[in-house]
1. Among the candidates 90, 100, single out the residue that is touching a strand residue (DSSP E or B) at 6+ places or on another chain (Cβ under 6 Å), closer than 26 Å to residue 199 by Cβ and not assigned by TED's automatic domain parsing to the domain that holds residue 51.
2. For the stretch 40-49, which positions are surrounded by fewer than 20 Cβ atoms within 10 Å (Cβ to Cβ) and either part of a loop (DSSP other than H, G, I, E, B) or at positive phi (or both)?
3. Go through 69, 59 for me and flag whichever is without any contact (Cβ under 8 Å) to a residue 60 or more places away in the chain and more than 20 Å from residue 156 (Cβ to Cβ).
4. Tell me, please, whether a residue that is in a strand (DSSP E or B), surrounded by 14 or more Cβ atoms within 10 Å (Cβ to Cβ), at pLDDT 95 or above and touching a helix residue (DSSP H, G or I) at 6+ places or on another chain (Cβ under 9 Å) can be found in the stretch 149-168.
5. Go through the residues of the stretch 177-189 one by one and say whether even a single one is over 23 Å from residue 57 (Cα atoms), within 18 Å of the chain's Cα centre (by Cα) and touching a residue at least 24 places away in the same chain (Cβ under 8 Å).
6. Does any residue of the stretch 109-117 turn out to be farther than 17 Å from residue 223 by Cα, crowded, with 19+ Cβ neighbours inside 10 Å and modelled with pLDDT under 95?
7. Confirm whether residue 238 is surrounded by 14 or more Cβ atoms within 10 Å (Cβ to Cβ), in contact with a helix residue (DSSP H, G or I) (Cβ under 7 Å, 6 or more places away or on another chain) and either modelled with pLDDT of 90 or more or farther than 26 Å from residue 103 by Cα (or both).
8. Test residue 134 against the stated conditions and say whether it is part of a loop (DSSP other than H, G, I, E, B), closer than 25 Å to residue 222 by Cβ and either in the same structural domain as residue 150 (by TED's automatic domain parsing) or free of Cβ contacts under 8 Å to residues at least 12 places away in the same chain (or both).
């Protein structure tokens, strides 16, 4: 195989792309255990190197997880998918050092996201409850400092720790948007969206009903991908200005919103300043233009009994 050619290795748990050149050695790794086969990667890829792999459903349940696949002949190692991945399922290195080209060359911004812990405001009787309710296992007890640590590189900002800790954690999510569940439109007996949801935004409650805890949604859209009632789309053109030039791109939009049981909208993303055609084109594919901005009231969310009940063992705290 010629130098500079991308090699692909795929296992049950990973997709690895490797490109060795005279000047550098690039590696991209997709963690398929983390990946939920969401909309974002294929949407943002500028060269259509990513394709969605459908889940296998049986009697309304997921038996084979949905995922993505990568075409090594198309991938240009730009890193757009890594920046935007809501599950932090992608890592990129150049010469064994973390490097994301679109950020290195200031084509893409850094997304604004954080998880902070205030130990002075924490009821320490909830320590195990908080740790057990982190869906990605990134919260741990630091005995030496008597505090809770967060692995910021792998936190998906689901905000379950906020509710579990009664506000001692404060999470900044990058995406602003909305999620709606219209149970009357669901296929009878189907709960596949709860199977794929990486948080407890969609879950089956103690009564066996599919319910939505909207505050935990990270706007990945995996639920819409797995739903047997599929979105229908049409193409349209957008025109925008970037760096003194006018650009036109063809995108798609959903035309049957009212028929969909689960509806995820991304409105805006918090990020550091950047202006490039690549970023503006990507964000126009991922976000809807909203005239107004709706902020979910964090204090109100902390008082919502349904959010606490959605957590593992949360019902016990309501007694």
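The values are calculated or read from the model by the stated rules, or taken from the named source; none is laboratory data. Since we're looking at a predicted model, the values are computed, not measured. So basically every Cβ, Gly included, is an ideal-geometry build from the backbone, and we count neighbours across all protein chains shown.
1. On the way: 90 fails: not assigned by TED's automatic domain parsing to the domain that holds residue 51.
Only one candidate passes the filter, namely 100.
2. Keep residues of the stretch 40-49 that are surrounded by fewer than 20 Cβ atoms within 10 Å (Cβ to Cβ), which gives 42-43, 46-48.
Selection gives 46, 47, 48.
3. Details: 59 fails: without any contact (Cβ under 8 Å) to a residue 60 or more places away in the chain.
Exactly one of 69, 59 is without any contact (Cβ under 8 Å) to a residue 60 or more places away in the chain and more than 20 Å from residue 156 (Cβ to Cβ), namely 69.
4. Let us first name the residues in the stretch 149-168 that are in a strand (DSSP E or B), namely 149-150.
Next cut, surrounded by 14 or more Cβ atoms within 10 Å (Cβ to Cβ) only: 150.
Add one more test, that the residue is at pLDDT 95 or above, and what stays is 150.
Pick out the ones that are also touching a helix residue (DSSP H, G or I) at 6+ places or on another chain (Cβ under 9 Å) and you get 150.
Among the residues of the stretch 149-168, at least one is in a strand (DSSP E or B), surrounded by 14 or more Cβ atoms within 10 Å (Cβ to Cβ), at pLDDT 95 or above and touching a helix residue (DSSP H, G or I) at 6+ places or on another chain (Cβ under 9 Å), which makes the answer yes.
5. Going through the stretch 177-189, the residues over 23 Å from residue 57 (Cα atoms) turn out to be 177-178.
Next cut, within 18 Å of the chain's Cα centre (by Cα) only: 177-178.
Imposing the further condition that a residue be touching a residue at least 24 places away in the same chain (Cβ under 8 Å) reduces the set to 177-178.
The answer is yes; a qualifying residue exists.
6. Checked the stretch 109-117: at least one residue is farther than 17 Å from residue 223 by Cα, crowded, with 19+ Cβ neighbours inside 10 Å and modelled with pLDDT under 95.
7. On the way: surrounded by 14 or more Cβ atoms within 10 Å (Cβ to Cβ): yes; in contact with a helix residue (DSSP H, G or I) (Cβ under 7 Å, 6 or more places away or on another chain): yes; either modelled with pLDDT of 90 or more or farther than 26 Å from residue 103 by Cα (or both): no.
When the stated conditions are applied, residue 238 does not pass them.
8. On the way: part of a loop (DSSP other than H, G, I, E, B): yes; closer than 25 Å to residue 222 by Cβ: yes; either in the same structural domain as residue 150 (by TED's automatic domain parsing) or free of Cβ contacts under 8 Å to residues at least 12 places away in the same chain (or both): yes.
So residue 134 fits the description; yes.
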